[in-house]
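Q: Mind looking over this structure? Questions follow.
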Amino acid sequence: MAAGDSTKWLSPDEQRAWRSYLEATKVLMDALDRQLQRDAGMPHAYYEILVRLSEADGRSLRMSELAESTLSSRSRLSHAVARLEERGWVVREDCLTDRRGQMARLTDEGFAILAAAAPGHVATVRRLMVDVLTPKQLAAVADIGDAIVAAVAADR
């Protein structure tokens, strides 16, 4: 730290909270990814795409909306959707309201794959997060997540 440095460094408690948050999110996402790879043959990123499509009207979303909702770049999403198309789980279709746009639609096979993968995924989320927290802690995690998402959105 240089003299005259105006950086507001983290206190020991803030540093502990930050590092704990980072480690928890990394190990949890790694565990979820490993479980989905092992049990369903897909990474968590593919699972998230299938979930987003399954929840959309007609199981279909514009590629740009899907990229935004999964926090993926358009090129990363396009690559992932291409892999899902190869598996027969998703199809791309032209957007009827905008000739430049494309839609991603979850196929019946993709929905069946998602339905088969979901119980194991949910069991892992429950075992590693939900069941180890009290209801008060779980509510705090939701509030914390909402606050961070709002701060990042406001910073864009």
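Q: Counting only residues that are among the polar types (S, T, N, Q) and either under 13 Å from Arg59 (Cβ atoms) or within 21 Å of the chain's Cα centre (by Cα) (or both), how many does segment 103-135 have?
A: 2
Q: Let me ask something else. Which one is most open to solvent (accessible area, probe 1.4 Å) among residues in segment 16-51 that are polar (S, T, N, Q) and under 20 Å from Ala123 (Cβ atoms)?
A: Gln37
Q: Test Arg52 against the criterion of being of a type in the set (Lys, Arg) and part of a helix (DSSP H, G or I), and give yes or no.
A: Taking the combined requirement at face value, the residue satisfies it.
Q: Does Ser60 satisfy the condition of being under 30 Å from Arg156 (Cα atoms) and open to solvent by less than 40 Å² (accessible area, probe 1.4 Å)?
A: In short, yes.
Q: Still on this model: Which one is least open to solvent (accessible area, probe 1.4 Å) among residues in segment 90-99 that are of a type in the set (Val, Ile, Thr) and in a strand (DSSP E or B)?
A: Checking each candidate, the answer is Val90.
Q: Moving on to the next point. From the list Ala112, Ala139, which residue is assigned to a helix (DSSP H, G or I), within 24 Å of Val81 (Cβ to Cβ) and either among the aliphatic types (A, V, I, L, M) or modelled with pLDDT of 95 or more (or both)?
A: Only one candidate qualifies: Ala112.
Q: Then there's this: Report whether or not Val122 is among the hydrophobic types (A, V, I, L, M, F, W, C), open to solvent by 60 Å² or more (accessible area, probe 1.4 Å) and either over 26 Å from Ser20 (Cβ atoms) or out of contact with any Lys or Arg (no Cβ under 7 Å at 6 or more places or on another chain) (or both).
A: Here the answer is yes, as Val122 does meet what is asked.
Q: Would you say Leu66 is open to solvent by less than 80 Å² (accessible area, probe 1.4 Å) and within 16 Å of Phe111 (Cα to Cα)?
A: The answer is no for Leu66.
Q: Report, by residue number, each residue of segment 74-89 that is open to solvent by 60 Å² or more (accessible area, probe 1.4 Å) and either in contact with a His (Cβ under 8 Å, 6 or more places away or on another chain) or not in a helix (DSSP H, G or I) (or both).
A: Passing the criteria: only Arg87.
The values are calculated or read from the model by the stated rules, or taken from the named source; none is laboratory data. This is a predicted model, so every value here is computed, not measured. As a convention, Cβ positions derive from the backbone with ideal geometry for all residues, glycine included, and neighbour counts pool all protein chains shown. Ligands, DNA and RNA are stripped out before the accessible areas are found, and what is left, the full protein with its side chains, is counted by its heavy atoms. Shrake-Rupley method; radii C 1.70, N 1.55, O 1.52, S 1.80 Å.
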